[in-house]
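The values are calculated or read from the model by the stated rules, or taken from the named source; none is laboratory data. Note that the structure is predicted; figures quoted are calculated from it, not measured. Glycine also receives a Cβ, built like all others from the backbone with ideal geometry; neighbour counts cover every protein chain displayed. Remember, those area values only see protein heavy atoms, side chains included, never the ligands or the DNA or RNA. Shrake-Rupley method; radii C 1.70, N 1.55, O 1.52, S 1.80 Å.
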Amino acid sequence: MKKAVISGIMVVLVILGIGISYMQFQGKALQRKSPSKEEQKSMEENDKRMENLMLPGQEGEIDEKSEAFAKELQEKAGLTVDPKNIASVGSPITSGNYSFTVDSWRASKESPGYALPEGMDFNAYGDFPQVDANGNITNEFTNVIANITVENLSDEPITGDGLWGYLTLQAFDMGEFISEVQYLGEETPRENGHNYFKESFAAGEMKSYPVVFFMPDDILNSQEIYLEIDTSGANPQPSDPEYAVKRFIILN
């Protein structure tokens, strides 16, 4: 009888010990998971940034061209986009702390006239434009040069680590082709590398650059093209209203 009682007591003690150890482990785990003040601040800033990105790209009445293009995006590309997030050439559109305006654009096989960043050679890649000694394209591609003005809308300096990488040139049916920014038209090209797309702004500062893309001739000659802007850094799908942060500028 005594042995049975002692055995029962031992079992209870073992269970209590396991329970206490588990609670201590959970407490330590929760302590480890609790964010630091810096991490908390970073999360709050990111939440605020996403809230700003969710604001409409334009205020006021939307023009018929934006309305019509939103319908085309739905029908031809399967994208559900608020017309307030669509602008035309010459009209600014906001995304978070930035405003983007395509002032003008042109398409040409001739050299854009700007020096390439050091180390950039299109002829080294099979699926890129091939160029002659004068920089003119000799194969089935065309340069698209968009003159773009970006403005810092905030009252503080900001740096977009990948600002120019937020932009892509699109058509309704691109297949597997992606038209990203190739380089900026600058008198003195910046250093080519992982910081090439980085851009810093003073409070309220505006910067304008010719931005060079290229597009296969069969796409350029058969479809409407437009600029797509995604400053979220996460490439969310615009078909999901929760992440409708992309902006669109109609080029033709």
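FRET efficiency for the ASN139 to LEU55 pair, using the beta carbon distance and R₀ = 35 Å, is estimated at 0.25. Given the pairs LYS71/LYS109; LYS84/LYS207; LYS65/LYS246; LYS207/LYS246; LYS198/LYS246, which span a C-alpha to C-alpha distance of over 27 angstrom in this model? The answer is LYS71/LYS109. For segment 217-231, backbone phi angles converted through the Karplus equation (6.51, -1.76, 1.60; θ = phi - 60°) give residue-by-residue couplings of 4, 5, 6, 4, 8, 10, 9, 6, 10, 8, 9, 10, 10, 9, 8 Hz, Gly and Pro being listed as x. Where both bridge residues fall in segment 61-250, DSSP classifies roughly 95% of the beta bridges as antiparallel.
Per-atom-type breakdown for segment 61-250 gives carbon and sulfur 45% of the accessible area (1.4 Å probe, protein chains only). Within the full protein context, the accessible area of VAL89 is estimated at about 60 Å² for a probe radius of 1.4 Å. When the charge dipole of segment 61-250 is built from unit charges on Cβ atoms (+1 for Lys and Arg, -1 for Asp and Glu) and taken about the Cα centre, the candidate among SER88, MET206, TYR166 whose Cα reaches farthest toward its positive end is MET206. With each label modelled as a point 7 angstrom along the Cα→C-beta vector, the SER208-GLU110 pair spans 2.1 nm. Take every pair of alpha-carbon atoms less than 8 Å apart whose residues are at least six positions apart; their mean separation over the length of segment 61-250 yields a relative contact order of 26 percent.
Each label was represented as a point 7 Å from its Cα along the Cα-to-Cβ direction; for GLN74 and ASP218 these points are 3.1 nm apart. A straight chain from GLU176 to THR188 at 0.36 nm per residue would run longer than the Cα-Cα distance by 1.0 nm. Pop the C-beta distance of LYS198 and ASP132 into the FRET formula with R0 = 25 Å and round what comes out to the nearest 0.05. Between LYS198 and ASP132 the formula returns 0.20. Its Cα centre serving as origin, segment 61-250 has a Cβ charge dipole (Lys and Arg +1, Asp and Glu -1) of approximately 140 debye. Modelled label positions at SER36 and MET120, each set 7 Å beyond Cα in the direction of Cβ, lie 3.8 nm from each other.
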